[in-house]
Amino acid sequence: MTVVRALWHLFAVVGLATAIGGVWFAAQGVGAIATPGALETALARTARHYLVPAALRARTNPVPSTAESLAEGKAHWADHCASCHGNDGAGDTPMGRGLYPKAPDMRLAATQGLSDGELFALIEHGVKLTGMPAWTTGTPEGEQATWRLVRFIRQLPALTDDDLLEMEDRNPRGRAEWRALEEERKFLSGTLDVPEPLPGHPH
Ligand code: HEC
């Protein structure tokens, strides 16, 4: 009898907590503008840490830290990751700031303190209920590319102005932006054909 009563008490407490949580959640609205509070961030990051299997977290980077692998990681980052994380990893981009949770400043200890294996797992599998996509291709080549990204992430706190300039050339651009750049280049080299104004245009 006492066991049944204890169970009812447990259900009542869990039910109440769920109801309070639901009201709190609904009161926030669906928008992504707000920044999650410190407690929510700490709880989410701790849960994320333990949800990555320990064996995966313990993996070490099989890719050597050569100039070649770092260059590949840098180019890959500029092309696929910088739209949210920024070339410098600060997350200070329109998309990175507009997400809930925001793209973190990956130069800081909170990210740099994660193991190589955890960074690898987060990139390959993504992070549920956040803007962080899964990038796995399910191939050994894809895994190698992810390990090179991990090597590059370790360099984020020490990037130079030259690195950042080089990455700007590798950021994805639409056709219109390429065309504008090409015209700017032609204009600067004096070879742009400026169209004649239409004759007799009323305004
Ligand atoms: C559409 C936006 C978006 C893109 C593109 C993106 N990310 Fe993320 N990323 C996020 C967000 C948001 C988080 C924070 C997730 C969280 O709080 O758990 C994140 C977190 C991470 C983290 C964990 C860092 C930490 O301290 O929480 C790593 C590592 C990471 N991203 C790597 C990458 C790499 C590498 C790429 C490119 C291949 C990439 N991301 C592309 C949005 C993005």
List every DSSP H helix in the chain whose Cα atoms extend 18 Å or more along the helix's own long axis and whose mean Kyte-Doolittle hydropathy is at least -0.5.
2-27, 38-51
Just to confirm a number: summing +1 for Lys and Arg and -1 for Asp and Glu over residues other than THR146 whose beta-carbon lies under 13 angstrom from that of THR146, what do you get?
-3
Quick shape check on segment 45-203: root eigenvalues a ≥ b ≥ c of the Cα gyration tensor, a/c under 1.5 is rounded, otherwise prolate if a/b tops b/c, else oblate, and it reads prolate
For segment 132-151 and segment 22-55, what is the separation of their Cα centres, given in Å?
25 Å
Under a 1.4 Å probe, what is the accessible area of segment 32-173 per residue, stated in Å²?
56 Å²
Average Cα contact separation per residue, the chain, under 8 Å, 6 or more apart, as relative contact order %
21 percent
If we sort 81-93, 98-110, 60-72 on the protection proxy, mean other Cβ atoms within 10 Å, highest first, what's the order?
81-93, 98-110, 60-72
Not counting ligands, DNA or RNA, and with a 1.4 Å probe, what is GLU182's accessible surface area in Å² rounded to the nearest 10?
80 Å²
Given only helices, namely DSSP H runs of n ≥ 4 each adding -39500 (n - 2.57), what is the per-residue ellipticity at 222 nm of the chain, to the nearest 500 deg cm²/dmol?
-17500 deg cm²/dmol
What does the extension gain come out to for PHE25 and GLU166, with contour length at 0.36 nm per residue minus their alpha carbon separation?
46.5 nm
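The values are calculated or read from the model by the stated rules, or taken from the named source; none is laboratory data. Note that the coordinates shown come from a computational prediction; the quantities given were computed from them, not determined experimentally. Backbone-built Cβ (ideal geometry, glycine too); neighbour counts: all protein chains shown. The accessibility values were calculated without ligands, DNA or RNA, using every heavy atom of the protein model including side chains. Shrake-Rupley method; radii C 1.70, N 1.55, O 1.52, S 1.80 Å.
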